[in-house]
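**Student:** What follows is a single structure, and I will ask about it in a moment.
The values are calculated or read from the model by the stated rules, or taken from the named source; none is laboratory data. Only a predicted model underlies this, so the values are computations on that prediction, with no experimental measurement involved. Here the Cβ positions follow ideal geometry from the backbone for every residue, glycine too, while neighbour counts run over all protein chains shown. The accessibility values were calculated without ligands, DNA or RNA, using every heavy atom of the protein model including side chains. Shrake-Rupley method; radii C 1.70, N 1.55, O 1.52, S 1.80 Å.
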Amino acid sequence: MATSVYIASIQARAGKSLAALGLMELASRRVERLGFFRPVVNGAAEADREIALMRSRYELRPDADTSSGGPYDEARAMVGADQSDELLARILSRYKKLESECDFVVCEGTDYSGVGAAFEFEFNARVAAHLACPVFFVANGQGREPEAIVEDVRAARRAFAREDCSIVATLVNRVAHERVEEVKEGFAGRWNGEEPVYVVPEDETLGHPTLSEIMSALDGKLLFGDQQRLQGLARGFAVAAMEVPNLLPRLEPGAVVIAGGDRADVLLACLASVRSESFPDIAGVVLTGGLEPAEPVAQLIRGLRRTSVPVIGVANDTFGIAAKLSELAGAIRAGNDRKIATALGLFEEHVDLSELAERIQVSHSPRMTPLRFEYELIERAKVSRQHIVLPEGTDERILRASEILLRRRVANLTLLGNPREIRELASTLGVQLDGAEIIDPLTSEWRRSFADVYLELRKHRGVTEERAYDVMGDVSYFGSMMVHQGRADGMVSGAAHTTAHTIRPALEFIRTRKGVSVVSSVFLMCLRDRVLVYGDCAVNPNPNAEELADIAISSAETAATFGIEPRVAMLSYSTGASGSGEDVAKVREATAIARSRRPDLEIEGPIQYDAAVDVEVANKKLPGSAVAGRATVLIFPDLNTGNNTYKAVQRSANAVAIGPVLQGLNKPVNDLSRGCSVPDIVNTVAVTAIQAQSHEDKS
């Protein structure tokens, strides 16, 4: 059983980061203790971009130094002094220490920047052989002929074969879209099909640097503009060495204009071009020479509304800055969710993950960690892509989450709101929404027909034709009606609206499923070693026994939908027959009702929380119970108890709380917290998509 894989690039800028992320993601779904290792790094390990990326995303436990065999400078010196064996021994020793603490380790080879390109194949081959790692090749296909790529891979295979390395697969990265099939054909029938070759097309999001990376590389500072737009891409550079009339026709979309800090004319022209519909949107401006605009000019810029384009000040001269930027490549860094999502989306679309998992033979861990559960949500959502409507299209978090969801191909999306405002905000944030549908309920051709449906459903409540038309201008009502009418499979809202505003339309016309008396909610509580379902923690303040039984059954069904075996604990302040009182009696009655309605479910109650989740306590308080000590679905007697408990566990146990997930509706509608983060939105959309899949299967 392999415990590692070694990523070896064949050329510079081949895109090892994409491969490393893809392999780490694949392994993280299967093992609990994951490691990342680099044989040599530039400078200190904690400053290495790749190590920082993996430690941030995968919450790796060993410290950064454990993830490195040492710095390039020392490696170069040892190779020059004919101490290659000593170098390999040191790398092996550090790797073995990490390996002893992990179930699987992804190793990423050198960067063609320290050991020397001529020595690269041999050095990486010897390292992979000493570490006993099977090899995953990454080749750079950018601007290269298919036959040349094939020859490079053949040469790499020979170099690694001399060291008796086994080869897992080859990934040819950064291939022009129109040449992907041609490159695949070039590899067809090579090496008797010994290992697969995957071809990934070029994506400009990964190939171009962000404004933030530019500012960091130039040691610059943000003089004016929106901090958020520093995540925008620089698709090219233009040196403004000419007068404004000659510069303006040369502006390109996404360009960064480089000008002397005293060129107020150029700066103001660039800012004006962004506001003009006659010119493309540039990405930013770099002012050189350590010069900043004079105060009257600065005051003018600060007074402009929505001065979103970043203006960066740097100390060096224009020529030096232009030369440095011409060599700056895009990189995937910790915290850049946009590039991470793009890389993972490309890897998952163009690599056969099942085949690769089998070839690296990484085994499944029986324990469900929060990270693994979240990744499995994404994968399950992608199996049958659903259409989710997001009514809050002008919320920054919604737009950032939408880009990630689209890049990971988790769901098809519709954003509601004024298209001009949404696109302007997306441009300001540097967010790309390619593939998303944008609809303004106020001007949509569906508004009248939706109003007619609403009128028919609610006229018994006194709704008039005029009132129905007005209501369908509301994004929550319009989005809910899209779901009701089958124009979307589910809805996620609540980032900017109250729970009542989100749920009310669904209660009015989507309504509850047959046999369900009450809409309720659960949180999917991802603890360190398991996932529990808590209900109801968000909707029903004080359910009666019948409603509590309904909540228990719905929560068990929700648990099963997400692959959690339902063992239901009806919680109370006493266990079994030990207590009495009105509150305990309610839980006892609810347990009896739930058992009678669903005799196939394992349901226990009344039971205390400790007896529900701790085996030793369960053996003392309720021996012989099929649920006690092993409960996965915990039903609280009222909202006060449930809401406080989930928040206490979330904070004190550092648990990930996904939800609230609404249950009991005919079609899925889910509510976000107004304090939600971008990952919260991504997870909730994935949850909603999986619920929609379940509804699709039952229909």
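**Student:** Is one or more of the residues making up region 586-595 open to solvent by 60 Å² or more (accessible area, probe 1.4 Å) and of a type in the set (S, T, N, Q)?
**Tutor:** Looking through region 586-595, none of the residues is open to solvent by 60 Å² or more (accessible area, probe 1.4 Å) and of a type in the set (S, T, N, Q).
**Student:** Oh, and also: So Val687 clears everything in (1) part of a strand (DSSP E or B); (2) under 23 Å from the mean Cα position of the chain (by Cα); (3) of a type in the set (A, V, I, L, M) except one condition, right? Which one?
**Tutor:** Val687 satisfies every listed condition except (1).
**Student:** Tell me, which helices (runs of 4 or more DSSP H) wholly within region 308-362 include 3 or more residues that are in contact with a Ser or Thr (Cβ under 6 Å, 6 or more places away or on another chain), farther than 28 Å from Arg33 by Cβ and of a type in the set (A, V, I, L, M)?
**Tutor:** Numbers: elements: 318-326, 337-350, 353-360.
The helices (runs of 4 or more DSSP H) meeting that bar number zero.
**Student:** Follow-up question, since we're still on this one. Those residues that are open to solvent by less than 20 Å² (accessible area, probe 1.4 Å) and over 24 Å from Ser308 (Cα atoms), I need them from region 409-426; list them, please.
**Tutor:** First, pick out the residues of region 409-426 that are open to solvent by less than 20 Å² (accessible area, probe 1.4 Å): 410-411, 413-417, 422, 426.
Within region 409-426, Val410, Ala411, Leu413, Thr414 meet the criteria.
**Student:** Check whether at least one residue in region 390-400 is modelled with pLDDT of 95 or more, under 22 Å from Glu349 (Cα atoms) and open to solvent by less than 10 Å² (accessible area, probe 1.4 Å), and report yes or no.
**Tutor:** No - not one qualifying residue is present in region 390-400.
**Student:** Counting just the residues of region 1-16 that are among the polar types (S, T, N, Q) and open to solvent by less than 20 Å² (accessible area, probe 1.4 Å), which one comes out farthest from Phe137 (Cα to Cα)? Even if it seems obvious, please write down each step before you answer.
**Tutor:** So the first thing to find is which residues in region 1-16 are among the polar types (S, T, N, Q), and the list is 3-4, 9, 11.
Filter once more, so that each one left must be open to solvent by less than 20 Å² (accessible area, probe 1.4 Å): 4, 9.
On the way: Ser4: 14, Ser9: 6 Å.
For region 1-16, the residue satisfying everything is Ser4.
**Student:** Here's another thing I want to ask about it. Could you list, in sequence order, all residues of region 221-235 that are open to solvent by less than 20 Å² (accessible area, probe 1.4 Å) and of a type in the set (Gly, Ala, Ser)?
**Tutor:** Across region 221-235, the qualifying residues are Gly232, Ala234.
**Student:** Name the residue that is most open to solvent (accessible area, probe 1.4 Å), counting only residues in region 543-567 that are in contact with a Leu (Cβ under 7 Å, 6 or more places away or on another chain) and of a type outside the set (A, V, I, L, M).
**Tutor:** Checked region 543-567; the qualifying residue most open to solvent (accessible area, probe 1.4 Å) is Pro566.
**Student:** Do we find a residue being in a helix (DSSP H, G or I), of a type in the set (Gly, Ala, Ser) and under 24 Å from Arg338 (Cα atoms) anywhere in region 171-186? Please lay out each step first, then the result.
**Tutor:** Keep residues of region 171-186 that are in a helix (DSSP H, G or I), which gives 177-186.
In the following step, the residues that additionally are of a type in the set (Gly, Ala, Ser) were identified as 186.
Now restrict to residues that are under 24 Å from Arg338 (Cα atoms): none.
Among the residues of region 171-186, not one is in a helix (DSSP H, G or I), of a type in the set (Gly, Ala, Ser) and under 24 Å from Arg338 (Cα atoms), which makes the answer no.
**Student:** Of all helices (runs of 4 or more DSSP H) completely enclosed by region 2-97, which ones contain at least 2 residues that are more than 29 Å from the chain's Cα centre (by Cα)?
**Tutor:** Helices (runs of 4 or more DSSP H) meeting the threshold: 72-80.
**Student:** Here's a follow-up. Which residues, counting only those in region 263-302, are of a type in the set (D, E, K, R) and over 34 Å from the mean Cα position of the chain (by Cα)? Give the derivation first.
**Tutor:** Let us first name the residues in region 263-302 that are of a type in the set (D, E, K, R), namely 263, 265, 275, 277, 281, 292, 295, 302.
Arg263, Asp265, Glu292, Glu295, Arg302 - these are the residues of region 263-302 that are of a type in the set (D, E, K, R) and over 34 Å from the mean Cα position of the chain (by Cα).
**Student:** If you take the residues of region 454-487 that are in a loop (DSSP other than H, G, I, E, B) and of a type in the set (Val, Ile, Thr), which of them is farthest from Thr499 (Cα to Cα)? Walk me through how you get there before you give the answer.
**Tutor:** Taking region 454-487 first, the residues in a loop (DSSP other than H, G, I, E, B) are 462-464, 472-474, 485-487.
Narrowing further to those that are of a type in the set (Val, Ile, Thr): 463-464.
On the way: Val463: 23, Thr464: 25 Å.
Only one residue tops the list, namely Thr464.
**Student:** What about Phe187, is it open to solvent by less than 40 Å² (accessible area, probe 1.4 Å) and under 29 Å from the mean Cα position of the chain (by Cα)?
**Tutor:** On the way: open to solvent by less than 40 Å² (accessible area, probe 1.4 Å): yes; under 29 Å from the mean Cα position of the chain (by Cα): no.
Here the answer is no, as Phe187 does not meet what is asked.
**Student:** If you don't mind, another one. For region 427-453, how many residues are open to solvent by 70 Å² or more (accessible area, probe 1.4 Å), in a helix (DSSP H, G or I) and in contact with a helix residue (DSSP H, G or I) (Cβ under 6 Å, 6 or more places away or on another chain)?
**Tutor:** Number satisfying all stated conditions: 0.
**Student:** Out of curiosity, is Glu403 at pLDDT below 90 and assigned to a helix (DSSP H, G or I)?
**Tutor:** Working: at pLDDT below 90: no; assigned to a helix (DSSP H, G or I): yes.
When the stated conditions are applied, Glu403 does not pass them.
**Student:** Working only within region 303-338, note down all residues that are surrounded by fewer than 15 Cβ atoms within 10 Å (Cβ to Cβ) and more than 36 Å from the chain's Cα centre (by Cα).
**Tutor:** Those that are surrounded by fewer than 15 Cβ atoms within 10 Å (Cβ to Cβ) and more than 36 Å from the chain's Cα centre (by Cα): Gly303, Asp317, Phe319, Gly320.
**Student:** Of the residues Thr632, Thr688, which is surrounded by 20 or more Cβ atoms within 10 Å (Cβ to Cβ), touching a Lys or Arg at 6+ places or on another chain (Cβ under 8 Å) and polar (S, T, N, Q)? Don't jump to the end; show me each part of the working.
**Tutor:** Working: Thr688 fails: touching a Lys or Arg at 6+ places or on another chain (Cβ under 8 Å).
None of the other options fit; the residue is Thr632.
**Student:** Kindly evaluate Ala468 against the criterion of being touching an Asp or Glu at 6+ places or on another chain (Cβ under 8 Å) and of a type in the set (Gly, Ala, Ser). Show your work before the answer.
**Tutor:** Details: touching an Asp or Glu at 6+ places or on another chain (Cβ under 8 Å): yes; of a type in the set (Gly, Ala, Ser): yes.
Answer is yes for this residue.
**Student:** Do we find that Val197 is touching a helix residue (DSSP H, G or I) at 6+ places or on another chain (Cβ under 9 Å), β-branched (Val, Ile, Thr), open to solvent by 20 Å² or more (accessible area, probe 1.4 Å) and within 18 Å of Leu18 (Cβ to Cβ) in this structure?
**Tutor:** Values: touching a helix residue (DSSP H, G or I) at 6+ places or on another chain (Cβ under 9 Å): yes; β-branched (Val, Ile, Thr): yes; open to solvent by 20 Å² or more (accessible area, probe 1.4 Å): yes; within 18 Å of Leu18 (Cβ to Cβ): yes.
Yes; evaluated as a whole, the condition is true for this residue.
**Student:** State whether the residues of region 608-625 include one that is within 23 Å of Val687 (Cα to Cα) and either in contact with a helix residue (DSSP H, G or I) (Cβ under 9 Å, 6 or more places away or on another chain) or at pLDDT 95 or above (or both). Working first, answer last.
**Tutor:** Pass one, region 608-625, residues within 23 Å of Val687 (Cα to Cα): none.
No - not one qualifying residue is present in region 608-625.
**Student:** Assess whether Val257 counts as being touching a Cys at 6+ places or on another chain (Cβ under 7 Å), at pLDDT 90 or above and either open to solvent by less than 60 Å² (accessible area, probe 1.4 Å) or outside any strand (DSSP E or B) (or both).
**Tutor:** Working: touching a Cys at 6+ places or on another chain (Cβ under 7 Å): yes; at pLDDT 90 or above: yes; either open to solvent by less than 60 Å² (accessible area, probe 1.4 Å) or outside any strand (DSSP E or B) (or both): yes.
Here the answer is yes, as Val257 does meet what is asked.
**Student:** Kindly indicate whether any position in region 470-488 is under 25 Å from the mean Cα position of the chain (by Cα) and under 21 Å from Arg400 (Cβ atoms).
**Tutor:** Yes: one or more hits.
**Student:** Something else: Is there any pair with a first residue in region 30-54 that is among the charged types (D, E, K, R) and a second that is assigned to a helix (DSSP H, G or I) and surrounded by 15 or more Cβ atoms within 10 Å (Cβ to Cβ) whose Cβ atoms are under 6 Å apart and which are 6 or more apart or on different chains, and what are they?
**Tutor:** Glu46/Ala64
**Student:** Taking the condition part of a strand (DSSP E or B) and closer than 21 Å to Val431 by Cβ, does Leu271 pass? Reasoning before the result, please.
**Tutor:** Details: part of a strand (DSSP E or B): no; closer than 21 Å to Val431 by Cβ: yes.
Judged against the criteria, Leu271 is not a match.
**Student:** Something else: Considering only region 502-542, state which residues are closer than 23 Å to Ala592 by Cβ, charged (D, E, K, R) and either touching a Lys or Arg at 6+ places or on another chain (Cβ under 6 Å) or surrounded by 24 or more Cβ atoms within 10 Å (Cβ to Cβ) (or both).
**Tutor:** Listed by number, the list holds a single entry, Asp536.
**Student:** Let me ask another. Being touching a Gly at 6+ places or on another chain (Cβ under 9 Å) and under 18 Å from Leu532 (Cα atoms) is the filter here, so list the residues in region 554-597 that pass it.
**Tutor:** Result: Ser554, Ser555, Thr558, Val568, Ala569, Met570, Leu571, Ser572.
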